[in-house]
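One structure below.
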Amino acid sequence: MSVNFTIHGPFVVPTAPKKIKGGTISIPQLKDVNATLWKSAPFSEYANKKGCYVFANAVTRGSKPIYVGKTNISFKDECFSTHKKAMLNDFLACATKTGLQIYFVVLNNRKDCPEEIDLCETLLIQKCKDASKYLLNIRKLSEKFTIDGVHGPKNPGKPTCDVLNFKKCLNIK
C-alpha cells in the first residue's frame, strides 16, 4: 500500500505588533494561538490531521521556508507548542520583513504511518534547506548519502557523460 500526502496552504498565521522598550519600538509576534485558532477556518479543517507542516516567511517576492515539523498526533497539538511559538517569535523579532504562513502536508491514510511521516519530514527539511538559508531546523540537515551529480551538494564543473545519461534516463533536470 502506498502512503499519500497532500499539500494545503499557504495559510496566514496571525501575528500582531508587540511594543517593547517602553512602547517606542514594536515587533511582530504571534497572536495568542490557542483553541480558537483551530476552530476557525481554514485551520479547523486540519486541526485533527497528521503529517508535516512548513512555516514560511512570505514577503513581496514569494516565500521562504523557515521551519519544518511533523506530528503523529494532530496539527493542533504540535504546530504551536511552547518551544515552537518561542522559536517563531524570535524569528519574527529578528526579521526585517515578515508575513508568517503555514503549509500542511497532510497524511491521507487512515492508519498511523509514523515512519512515512518521519521520512516526509526529512525530505522536506532537505528541500527547504536548499531553498532557504534561514531554516531554523537543527536536526536532519545533513544528507545520509550523496550521488555525485544527482543527489546532494552541487558539484562544481561539468557533469560527466555518465551522469548526464543517467539523469536523462531518469528524466531528472
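The values are calculated or read from the model by the stated rules, or taken from the named source; none is laboratory data. As the structure is a prediction and not an experimental result, all values here were calculated from the model. When we count neighbours, we look across all protein chains shown, and the Cβ atoms used for this are built from the backbone with ideal geometry, even at glycine. Accessible surface is based on the protein model in full, side chains and every heavy atom, while ligands, DNA and RNA are left aside. Shrake-Rupley method; radii C 1.70, N 1.55, O 1.52, S 1.80 Å.
Can you give me the solvent accessible area of Lys49 with a 1.4 Å probe, rounded to the nearest 10 Å²?
The value for Lys49 is about 90 Å².
Consider just the alpha-carbon atoms of region 10-143 and return their Rg together with their Dmax, both in angstrom.
15.2, 52
Along the positive direction of the dipole of region 19-99 (beta-carbon charges: Lys, Arg +1; Asp, Glu -1; about the Cα centre), which of Cys52, Ser40, Leu92 reaches farthest?
Farthest towards the positive end: Leu92.
Probe radius 1.4 Å, ligands and nucleic acids left out: which of Glu45, Glu115, Glu121, Glu78 has the largest accessible area, and how do the rest follow?
Reading off the accessible areas and sorting them downward yields Glu115, Glu45, Glu78, Glu121.
Would you work out the relative contact order for region 36-173, in percent, from Cα pairs under 8 angstrom that are 6 or more residues apart? Don't skip to the end; give the middle numbers.
On the way: 156 pairs, mean separation 33.4, N = 138.
Relative contact order of region 36-173: 24 percent.
Sorted from largest down, what three extents in whole angstroms do the Cα atoms of region 26-104 have along their principal axes?
33, 24, 22
Would you mind working out the magnitude of the charge dipole of region 1-97 relative to its Cα centre, with +1 at each Lys and Arg C-beta and -1 at each Asp and Glu C-beta, to the nearest 20 Debye?
Approximately 240 debye in magnitude.
Between Val163 and Lys64, what is the label-point separation in nm under the 7 Å Cα-to-beta-carbon projection?
2.6
Once the dipole of the chain is set up with Lys and Arg at +1 and Asp and Glu at -1 on Cβ about the Cα centre, which of Leu107, Pro156, Cys169 lies farthest towards its positive end?
Checked the options; the winner is Pro156.
Largest first, how would Ser81, Ser44 line up by accessible area (1.4 Å probe)?
Ser44, Ser81
Classify region 130-173 as rounded, prolate or oblate from the Cα gyration tensor: take a ≥ b ≥ c as the square roots of its eigenvalues, call it rounded if a/c is under 1.5, otherwise prolate when a/b beats b/c and oblate if not.
prolate
Beyond 18 Å, how much of the Cα-Cα pair distribution for region 56-100 remains, as a whole percent?
34
Heavy atoms of the protein only, probe of 1.4 Å, neighbouring chains included. What is the accessible area of Lys76 in Å², nearest 10?
90
Determine by what factor the alpha-carbon radius of gyration of region 84-156 differs from 2.2 N^0.38 Å, reporting the quotient. It would help to have the intermediate numbers written out before the result.
Numbers: Rg = 15.4 Å, N = 73, 2.2 N^0.38 = 11.2 Å.
Dividing the Cα Rg of region 84-156 by 2.2 N^0.38 Å gives 1.37.
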